[in-house]
Amino acid sequence: MRTIDLVAGARPNFMKIAPIVRALQYRRDARGEAPELGWRLVHTGQHSDRSMNDVFFEELGIPAPDERLGLGGGSHAEQTARVMTAYEQLCERARPDCTLVVGDVNSTLACALVAAKLTIPLVHVEAGLRSGDRSMPEEINRLAVDAISNLYFVTESSALEHLLREGHPASAIYEVGNVMIDNLFYQNNILESEGSRGGGSPEMKSVNEFKRARAHARDGLGQAYGVLTLHRPSNVDDPETLSRLWETFKVISAGLPIAFAVHPRTRAAIESLGLTPGPNIHLFPPLPYMPFLELWKHAAVVITDSGGLQEETTALGIPCITVRQNTERPITVSQGTNVLVGTRSEAILQAVRSVITKPIGAPIRRPSLWDGQAAQRIVSELARFLR
């Protein structure tokens with residue numbers, strides 16, 4: 001039996017690893033007593049806040065990690081160094097047949113470097129995405145991981161083109177779809193079948209209470225609220241930019257109340273500047289996956305700087321306004337519901353006006369292979385690769 005290390009460390013990783021775990025479990029169960037592929041779930045602990053990690057293992061149905069490296073906090077260099085040291089010790093104690101990393105967080109880079117230096121075959125899921133902005137730490141992580149990987153699984157054609165242009169062999173690149181969308185469909189089916197709108201966790205109850213209050217305020221223009229997330233350093237760490245965005249969101253909220261799921265770093269920045277939300281911006285703490293899905297899937301618009309939300313809103317046909325100068329997921333703009341507007345107040349306000357005046361019920365444009373089966377394709381290719 002071949003053993004694959006599945007590496008997760010931060011919130012975005014968990015949603016991408018979950019479908020791969022389910023696909024491996026399905027393959028194991030289908031093959032009975034002698035599974036072809038085994039795996040070890042490695043949690044680096046990059047996010048140490050429970051609201052940003054443990055709750056996702058519970059909610060997404062991911063089994064408890066086989067290995068917890070117990071690391072978190074610190075600068076990018078400190079995080080990366082600690083994860084490298086701990087993962088190297090783990091691999092020397094029990095070497096896997098390959099290491100699979102997802103996305104572009106520091107844990108992804110750290111474990112990729114260790115695997116490459118120990119000549120452990122390295123697999124990158126969500127490879128080839130490029131924003132062209134090297135001021136983003138994630139862009140450096142993407143470039144570095146792809147430079148040393150052996151097998152690449154991509155979500156869209158632009159990623160395939162980037163990898164080929166950078167000199168990676170076509171024989172090692174597979175366009176398989178999007179595991180983030182696999183997980184979205186899986187969780188959304190559970191949400192709808194269980195009727196979670198009526199109760200559940202305290203977070204779900206809080207979301208439902210907000211939705212009910214907004215439903216009473218509808219005036220025939222469709223959904224009665226927008227959803228906001230903001231966490232990129234370029235938006236949050238610069239006081240002038242954050243203050244300008246904050247005033248823009250307050251203007252929007254005068255006509256469209258906003259539910260703001262606040263990242264811990266963002267909350268600290270807001271409090272340090274003494275910014276107040278006003279009566280129409282409702283602040284939520286970081287929400288578990290299901291309550292957050294229940295919140296944004298019913299919104300008139302999502303305003304965000306998150307890469308994952310650009311993809312998820314496209315898959316469900318929810319209008320998305322991305323407050324960034326660039327995106328590493330261009331297919332969400334060319335084929336999906338995403339609009340890239342930058343950070344200028346006028347552009348954001350115009351985009352919101354355009355979205356809320358569009359006819360309701362426009363057909364969903366979903367990219368090719370975003371069908372909920374990406375993880376099955378990945379596991380099939382992994383089995384061939386490891387033979």
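Does residue 286 fit the bill of being within 25 Å of residue 139 (Cβ to Cβ), at pLDDT below 95, in contact with a strand residue (DSSP E or B) (Cβ under 9 Å, 6 or more places away or on another chain) and in the same structural domain as residue 301 (by TED's automatic domain parsing)? In short, yes. Say whether the condition of being on the phi < 0 side of the Ramachandran plot, polar (S, T, N, Q) and in contact with a helix residue (DSSP H, G or I) (Cβ under 6 Å, 6 or more places away or on another chain) is met by at least one residue in the stretch 355-376. For the stretch 355-376, residues on the phi < 0 side of the Ramachandran plot, polar (S, T, N, Q) and in contact with a helix residue (DSSP H, G or I) (Cβ under 6 Å, 6 or more places away or on another chain): present. Where the second residue is outside any loop (DSSP other than H, G, I, E, B) and exposed (fewer than 15 other Cβ atoms within 10 Å of the Cβ) and the first is in contact (Cβ under 8 Å) with a residue 60 or more places away in the chain and lies in the stretch 257-285, which pairs have Cβ atoms under 9 Å and are six or more apart or on separate chains? Hits for this filter: 282/213; 285/264.
Please work out which one of (1) hydrophobic (A, V, I, L, M, F, W, C); (2) free of Cβ contacts under 8 Å to residues at least 24 places away in the same chain; (3) under 27 Å from residue 212 (Cα atoms) is the condition residue 300 fails and give its number. Answer for residue 300: the failing condition is (2).
Residue 137 meets each of the listed conditions (1) more than 19 Å from residue 385 (Cα to Cα); (2) modelled with pLDDT of 95 or more apart from (2).
Can you name the residue in the stretch 155-179 that is assigned to a helix (DSSP H, G or I) and in contact (Cβ under 8 Å) with a residue 60 or more places away in the chain and is also farthest from residue 386 (Cα to Cα) among such residues?
Step one: filter the stretch 155-179 for residues assigned to a helix (DSSP H, G or I), giving 157-165, 170-172, 179.
Filter once more, keeping what is in contact (Cβ under 8 Å) with a residue 60 or more places away in the chain: 157-158, 179.
Numbers: 157: 25, 158: 27, 179: 20 Å.
Once the filter is applied, the top-ranked residue is 158.
How about the stretch 1-25: which of its residues are touching a residue at least 60 places away in the same chain (Cβ under 8 Å) and aliphatic (A, V, I, L, M)? Answer for the stretch 1-25, where residues must be touching a residue at least 60 places away in the same chain (Cβ under 8 Å) and aliphatic (A, V, I, L, M): 4, 6, 7, 8, 10, 15, 17, 18, 20, 23, 24.
Considering only residues in the stretch 158-189 that are surrounded by 16 or more Cβ atoms within 10 Å (Cβ to Cβ) and among the hydroxyl-bearing types (Ser, Thr, Tyr), the one that is nearest to residue 381 (Cα to Cα) turns out to be 174.
With the condition kept exactly as written, say whether any residue in the stretch 259-271 is within 28 Å of residue 58 (Cα to Cα), in a loop (DSSP other than H, G, I, E, B) and not assigned by TED's automatic domain parsing to the domain that holds residue 161.
yes
The values are calculated or read from the model by the stated rules, or taken from the named source; none is laboratory data. Nothing here was measured: the structure is a model prediction, and the numbers come from that model. We place every Cβ from the backbone using ideal geometry, glycine too, and count neighbours over all the protein chains shown.
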